[in-house]
Amino acid sequence: MNRSSIILEPKLHRGRMRLLMKFWYDIALVSKVRKLGARYSSTNSCWYIDYSEKNIQLAQTVFEAYYVTTLSLEEVKQRDDEIARHKKHGRPPIAKGAMDYAKKLNDFKEAEIVQYEQYMVGQRYSKSTINAYKGFVRSLLGYYHDKETAYISLRDIHRYNYEVIIKNRYSVSYQRQFIGAIKLFFDYIVHCTFDTSELERPRKDYKLPTVLSKDEVRQILLSTTNLKHKAIISTLYSAGLRVGELLNLRIGHLDADRMLITVRMGKGRKDRYVKMSQTNLLLLRQYLNKFTPRHYVFEGPGQKKYSSSSVRQIINRACERTNIKKHITPHTFRHSYATHLLELGVDLRYVQALLGHKKPETTMIYTHISSDKVSNLVNPLDELFREELVGLADKRNKFAQKPALIRQNDWGY
């Protein structure tokens, strides 16, 4: 907040609701508030008058030449609740290490965070993005708690980046997200002293995603005896859903007649259709008949939306039972779905549409990990020793009859 900014904030003081007037010390401003009949509070380190709609309008008129932020009772309560939550849990929604700085924000900077949140809500940012971006800005402002936000320089941000992000070995994706949050904050909330275009994101890491084999997916499903858990995993895999899309799936989004699943407001606020699996449909019918959810397909206690942490626990336990050592997350099933589609010969453009990717380049990463494509290549070492390899084919792949995923007498319809 710069020196021409004023915060008007309602607060209970000495048994009555008051309108606090917070600003950096300025003789002209002190003279104005004295004319309003304001008194100084040593407890709150600011001037105040009685809280009323009339006094709010009067103060806004007196300070019309300044940048005035007027907080409502609801906004103050929301801010105080958030501060209390941070103190209780010991951290804001950012990684450990940067979290301690967020505790040092003064009221001016708290008001800037409120403005930032309101801007992002108005721009329809997702709730998770808003929480993450607020956490990044909170940490930066707390790191420079003794400096006005408007006077934070480009060099200050580079110093924070090195001292907090680089030294604590945060990932490149974390650093890129931090830069995005800071650029947005200084572009639209605070008039800073530097050009935000000079804040550059580091290059992305190019990592191939973890993919399960078809047999590993089968093992996970067969080892899962809980009907609800099995339905969750099979839906994740058979529809290639992100975990958020799975949790937002409503009963009305399942179209058994057309064999389609409607994904509403996926990533990028996009809707799409996904082909429903016959096997998954049987599992879902059995699950819906037994659990009878009201709104969402998968509901937790109190018929509320199921949590992503519960889905991760289900998958972790399934991997432990099958002794799969790969690092598996809910998103791994989406990667596996896309890779297996390409191995089945499905055109890349259809896979792109099924996954809801905006650019084909995003989908093309799965062409690099399709095992069928790679396994069909001739290795030059095998070509050199072709004669020696004759007759050494493995004879041990005559498996016993595999158990069925669903028993017919358990379908329940």
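What pairs come up if the first residue lies in region 153-165 and is within 17 Å of Q177 (Cα to Cα), the second is surrounded by 15 or more Cβ atoms within 10 Å (Cβ to Cβ) and aliphatic (A, V, I, L, M), and their beta carbons are under 6 Å apart, counting only those six or more places apart or on different chains?
Correct list of pairs: Y160/L140; V164/A98.
Could you list, in sequence order, the residues of region 28-68 that are under 18 Å from K11 (Cβ atoms) and in a strand (DSSP E or B)?
R39, Y40, S41, C46, W47, Y48, I49, D50, V68
Looking at R203, R242, which one is among the charged types (D, E, K, R) and out of contact with any helix residue (DSSP H, G or I) (no Cβ under 7 Å at 6 or more places or on another chain)?
Step by step, each of R203, R242 is checked, and only R203 is among the charged types (D, E, K, R) and out of contact with any helix residue (DSSP H, G or I) (no Cβ under 7 Å at 6 or more places or on another chain).
How many residues are surrounded by 19 or more Cβ atoms within 10 Å (Cβ to Cβ) and among the aromatic types (F, W, Y) if we restrict to region 246-290?
Of the residues in region 246-290, 1 are surrounded by 19 or more Cβ atoms within 10 Å (Cβ to Cβ) and among the aromatic types (F, W, Y).
Filtering region 297-349 down to residues that are surrounded by 20 or more Cβ atoms within 10 Å (Cβ to Cβ) and of a type in the set (S, T, Y), which residue is farthest from G252 (Cα to Cα)?
Only one residue tops the list, namely T339.
For every residue, the table says whether it meets (1) assigned to a loop (DSSP other than H, G, I, E, B); (2) more than 25 Å from N106 (Cα to Cα); (3) among the small types (G, A, S); (4) in contact with a Gly (Cβ under 7 Å, 6 or more places away or on another chain).
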residue: N131; (1), (2), (3), (4): no, no, no, no
residue: R155; (1), (2), (3), (4): no, no, no, no
residue: N161; (1), (2), (3), (4): no, no, no, no
residue: H191; (1), (2), (3), (4): yes, no, no, no
residue: F194; (1), (2), (3), (4): yes, no, no, no
residue: S197; (1), (2), (3), (4): no, yes, yes, no
residue: D205; (1), (2), (3), (4): yes, yes, no, no
residue: R218; (1), (2), (3), (4): no, yes, no, no
residue: L221; (1), (2), (3), (4): no, yes, no, no
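For D271, all conditions in the list (1) modelled with pLDDT under 90; (2) closer than 21 Å to T332 by Cα; (3) not in a loop (DSSP other than H, G, I, E, B) hold save one; what is the number of the exception?
Every listed condition holds for D271 apart from (2).
When you go through I220, I166 one by one, which is the residue that is modelled with pLDDT of 85 or more, surrounded by fewer than 14 Cβ atoms within 10 Å (Cβ to Cβ) and of a type in the set (V, I, T)?
I166
Quick one: in region 289-310, which of the residues that are among the basic types (K, R) and in a loop (DSSP other than H, G, I, E, B) is modelled with the lowest pLDDT?
The selected residue is K304.
Could you tell me which of the residues V121, V190 is of a type in the set (V, I, T), touching a residue at least 40 places away in the same chain (Cβ under 8 Å) and not assigned by TED's automatic domain parsing to the domain that holds H331?
From the options V121, V190, the qualifying one is V190.
Kindly evaluate S139 against the criterion of being outside the structural domain of M21 (by TED's automatic domain parsing), modelled with pLDDT of 85 or more and among the small types (G, A, S).
yes
Name the single residue, out of those in region 61-70 being in contact with a strand residue (DSSP E or B) (Cβ under 6 Å, 6 or more places away or on another chain) and modelled with pLDDT of 80 or more, that is nearest to D107 (Cα to Cα).
If we take residues in region 61-70 being in contact with a strand residue (DSSP E or B) (Cβ under 6 Å, 6 or more places away or on another chain) and modelled with pLDDT of 80 or more, then T70 is nearest to D107 (Cα to Cα).
Please count how many residues of region 16-50 are in contact with a His (Cβ under 9 Å, 6 or more places away or on another chain) and under 15 Å from L71 (Cβ atoms).
Residues that pass the stated criteria total 3.
Among the residues of region 311-333, count how many are more than 9 Å from V211 (Cα to Cα), touching a helix residue (DSSP H, G or I) at 6+ places or on another chain (Cβ under 9 Å) and in a helix (DSSP H, G or I).
11
Within region 223-243, can you find the residues that are outside any helix (DSSP H, G or I) and of a type in the set (G, A, S)?
Within region 223-243, G240 is the sole residue that qualifies.
Among (1) modelled with pLDDT of 90 or more; (2) touching a strand residue (DSSP E or B) at 6+ places or on another chain (Cβ under 9 Å), there is one condition D107 misses while meeting the rest; what is its number?
For D107, the failing item is (1).
Among the residues in region 33-40, are any in contact (Cβ under 8 Å) with a residue 24 or more places away in the chain, outside the structural domain of K109 (by TED's automatic domain parsing) and under 40 Å from the mean Cα position of the chain (by Cα)?
No, every residue in region 33-40 fails to be in contact (Cβ under 8 Å) with a residue 24 or more places away in the chain, outside the structural domain of K109 (by TED's automatic domain parsing) and under 40 Å from the mean Cα position of the chain (by Cα).
So E198 clears everything in (1) of a type outside the set (K, R); (2) at pLDDT below 90; (3) closer than 28 Å to A318 by Cα except one condition, right? Which one?
Condition not satisfied by E198: (3).
The values are calculated or read from the model by the stated rules, or taken from the named source; none is laboratory data. Quick caveat, the model's predicted, so the values are computed rather than measured. Virtual Cβ from ideal backbone geometry, glycine too; neighbours counted across all protein chains shown.
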